Amino acid sequence: MTLLDKAVEATAEKPVRRVRGGTWLLTAGLVVALLVLVPVAAGLGAYPIPTGDVLGSVLHRTGLGGAALDRVPESVLWNVRFPRIVLALLVGASLGCAGALMQGMFSNPLAEPSIIGVSSGAAVGAVGAISLGLNFLGTVTIPTVAFVTGLATVLLVYSMSRSGGRTEVVTLILTGIAVNAFAGALIGLFLFFADTAAVNQITFWQLGSLAQATWSKVLAVLPFAAVGLVVAPLYTRRLDLLSLGERPARHLGVDVERLRMVLVLVIALLTAAAVGVSGIIGFVGLVIPHLLRMAAGPGHRFLVPGSALAGAVVLLGADLAARTVAAPAELPLGVLTALLGSPFFFWLLRKARRGQGGWA
């Protein structure tokens with residue numbers, strides 16, 4: 001056993017014993033919620049499909065029995081509903097996981113991925129592609145451009161914040177704020193020169209939505225989301241040590257600079273992929289890890305994969321509400337998450353403040 005492993009066990013043994021049962025129970029609850037939500041979301045909508053028919057069609061497609069539906073409900077189910085469900089799961093898992101990594105890296109439960117400029121960079125790419133009428137990759141042109149510019153923006157922020165071979169957290173945050181402001185100015189310029197149709201499309205994209213979900217968009221985001229979601233749990237033990245502080249983490253064998261560089265890349269990969277296909281969807285990466293931390297403690301071994309699972313459940317539920325609450329109209333998903341997330345997070349802040357007797 002390495003010094004790193006011994007240190008992790010020494011610092012986390014008692015908390016793990018105390019919350020292990022709770023984490024298993026919470027995980028089981030999230031899995032059950034996901035298994036219930038998927039067939040419900042597949043059946044509800046402008047064209048309702050009974051849950052039994054949904055399950056029968058899935059069993060038929062997988063060769064486990066069941067029966068195929070008529071042409072119209074089969075097409076609605078597999079060409080409209082299921083791509084949207086899978087995309088919601090990928091986007092929610094990516095945003096939740098990125099938020100947990102971000103908060104762990106900064107040792108601050110109020111951190112979120114947009115701080116380092118990935119969301120605003122992706123927005124610049126999407127807005128630019130819409131206003132210039134780019135269509136060189138068909139329906140995935142905007143998501144692809146948004147992903148590339150979001151990833152490039154994070155790399156720019158990270159390189160600009162380095163000095164003497166090191167990256168300080170404060171410098172990284174301030175650089176991200178400056179780049180966010182510059183990106184906002186670029187978006188304003190694109191809006192100023194865009195025509196009316198492009199302005200309407202840009203506005204709709206910025207509000208966040210999964211209404212245009214297709215299997216091609218799912219395939220576009222799947223590799224990047226999968227890589228990020230697989231790599232992220234590999235660094236949970238180092239994140240636990242980093243929460244002790246940079247200097248103790250270095251003494252315990254953690255290469256803090258290398259860890260921070262890897263985490264920034266993973267966060268950028270997850271967030272840029274999500275924002276590229278869904279637009280700006282706020283508060284998922286901020287609230288979900290905070291809630292799980294309150295429920296199961298700060299250990300990242302559960303927090304990182306748990307945030308991915310909870311993010312998938314929450315975003316699928318939010319998307320279901322967005323397209324059914326005001327039917328036949330559809331609420332923008334980003335607006336709905338902000339409307340629900342803002343007051344809820346304010347309540348969390350008030351509760352935390354009362355529990356600590358005020359802010360230090």
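The values are calculated or read from the model by the stated rules, or taken from the named source; none is laboratory data. Quick caveat: nothing in here was measured; it's all calculated off a predicted structure. Methodologically, a virtual Cβ is constructed for each residue, glycine included, from the backbone with ideal geometry; neighbour enumeration extends over all protein chains shown.
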Flag for Val254 being in contact with a helix residue (DSSP H, G or I) (Cβ under 9 Å, 6 or more places away or on another chain), in contact (Cβ under 8 Å) with a residue 12 or more places away in the chain and outside any loop (DSSP other than H, G, I, E, B): no
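Could you pull out the residue among Ala41, Ala100, Ala33 that is modelled with pLDDT of 85 or more and touching a Pro at 6+ places or on another chain (Cβ under 7 Å)? Reasoning before the result, please.
Values: Ala41 fails: touching a Pro at 6+ places or on another chain (Cβ under 7 Å); Ala33 fails: touching a Pro at 6+ places or on another chain (Cβ under 7 Å).
Testing whether each residue is modelled with pLDDT of 85 or more and touching a Pro at 6+ places or on another chain (Cβ under 7 Å) leaves just Ala100.
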Meets criteria (crowded, with 22+ Cβ neighbours inside 10 Å, among the β-branched types (Val, Ile, Thr) and either outside any loop (DSSP other than H, G, I, E, B) or without any contact (Cβ under 8 Å) to a residue 40 or more places away in the chain (or both)) for Val264: yes
Single match in Leu55, Leu69, Leu77 (criterion: surrounded by 13 or more Cβ atoms within 10 Å (Cβ to Cβ), without any contact (Cβ under 8 Å) to a residue 60 or more places away in the chain, of a type in the set (A, V, I, L, M) and not in a helix (DSSP H, G or I)): Leu69
Residue among Val304, Val313 that alone is closer than 18 Å to Ala33 by Cα, within 17 Å of the chain's Cα centre (by Cα), modelled with pLDDT of 90 or more and buried (at least 20 other Cβ atoms within 10 Å of the Cβ): Val313
Flag if Thr171 is assigned to a helix (DSSP H, G or I), within 30 Å of Asn79 (Cβ to Cβ), of a type in the set (S, T, N, Q) and without any contact (Cβ under 8 Å) to a residue 12 or more places away in the chain: no
Search result, residues across the range 189-198 that are free of Cβ contacts under 8 Å to residues at least 24 places away in the same chain and surrounded by 13 or more Cβ atoms within 10 Å (Cβ to Cβ): Leu189
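For the range 207-234, how many residues are under 21 Å from Ser119 (Cβ atoms) and assigned to a loop (DSSP other than H, G, I, E, B)?
If we filter the range 207-234 for residues that are under 21 Å from Ser119 (Cβ atoms), which is where we start, we get 207-213, 217-218, 220-229, 231-232.
Filter once more, keeping what is assigned to a loop (DSSP other than H, G, I, E, B): 208-213.
Result for the range 207-234: 6.
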